[in-house]
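Notes follow the structure.
No value in this document is a laboratory result; all are computed from the given coordinates. Source: prediction; values computed, not measured. All Cβ positions, glycine included, derive from the backbone under ideal geometry; neighbour counts span all protein chains shown.
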Amino acid sequence: MDMFDPWTWRDPAALAGGYSGVPDEDLGVDTAAPAPPPDGRTDVDLTGYHVEATDGRIGTVDEANHDTGTAHLVVDTGPWIFGRKVLLPAGTVDHVDHRERTVHVDRTRQQVKDSPAYDPDTFTQSGYRDQVGRYYTDSYTRAEPGTGPDR
């Protein structure tokens, strides 16, 4: 089993057009363009996609960042957690269904709810990213069967 890196896309191909049977042209992706590089960079914008935990919807993608070493989603939870936003490292993404415009994460709603509070003023600082990364890495060791990474 490889070491879990919370800030790296587990399956960069999931971000490319053609995943889940959706043709590239339906996603607005140039079909002549090469596949995304292993760092997960892509032209597919996940903003507005629904986000599903293993046990239900948690919100919508407010922002997606594909930068190497800090890839993440900012998810607006809406009324579920009183309008709170959460930061989900890219490593928590299990797969993306472009036809349904849904990002599936491998965490429960409670695990997401218990995550460190998202602060738009400090979330780019390494100390905060370290705290969030530790939480999600550690939660795999405490995860219920079927909620952790399969690698």
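Remarks
- Cα gyration tensor category, rounded, prolate or oblate, for segment 34-137 with a/c compared to 1.5: oblate
- Net length available on complete extension from His95 to Met3 is 31.2 nm, with 0.36 nm assigned per residue and the Cα-Cα distance removed.
- Asp138-His50 pseudo-label distance in nm [points 7 Å out on the Cα-to-Cβ vector]: 3.3
- Thr122-Asn65 pseudo-label distance in nm [points 7 Å out on the Cα-to-Cβ vector]: 1.5
- Residues Ile58, Ile81 arranged by fewest to most Cβ contacts within 10 Å: Ile81, Ile58
- Summarising the label geometry, the points placed 7 Å from Cα in the beta-carbon direction at Asp114 and Ala13 lie 3.4 nm from one another.
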